[in-house]
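Read-outs throughout are calculated quantities, based only on the coordinates presented, and are distinct from any laboratory measurement. Values in this document were obtained by computation on a predicted structure and should not be read as measured data. FYI the Cβ positions are ideal-geometry reconstructions off the backbone, even for glycines, and counts take in every protein chain you see.
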Amino acid sequence: MASDGDYVYGLLIDIADADLKTLRRKEGHPNSYEETPVEVETFDGALVQNVKTYKAVKERELPKHQPPTREYLDLIIKIADKYDFHRSYVEFLQSVETK
């Protein structure tokens, strides 16, 4: 659920159409997850339009936040460290409750 002032660090990856087809299948598109285009601001302030993100389809949304598994969160933290995400964001990730 979005709220004012929230932000998410992440990686932008340019992929070929054939790989997009594979990604859509792995994400359960369109039955479990739908593509949601967003505008992204890069670290240097540039805006990138129509970035594909994935969001649970309305029928599969749950009434409250579902915590990630420890393994998934550890992977996100490892990537955040590797790509030098802002330290406060990494600390936030480390504070997230897991299943």
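A few notes on this one:
- A80 more than 14 Å from the chain's Cα centre (by Cα) and not aromatic (F, W, Y): no
- Residue selected from the stretch 4-24 under the condition hydrophobic (A, V, I, L, M, F, W, C) and touching a helix residue (DSSP H, G or I) at 6+ places or on another chain (Cβ under 8 Å), by the criterion surrounded by the fewest Cβ atoms within 10 Å (Cβ to Cβ): L11
- The set of residues in the stretch 20-60 that are within 24 Å of F85 (Cβ to Cβ) and not in a strand (DSSP E or B) comprises L23, K26, E27, T42, F43, D44, G45, A46.
- Search result, residues across the stretch 49-91 that are surrounded by 13 or more Cβ atoms within 10 Å (Cβ to Cβ) and over 25 Å from A16 (Cα atoms): P68, L73, D74, I77, F85, Y89, V90
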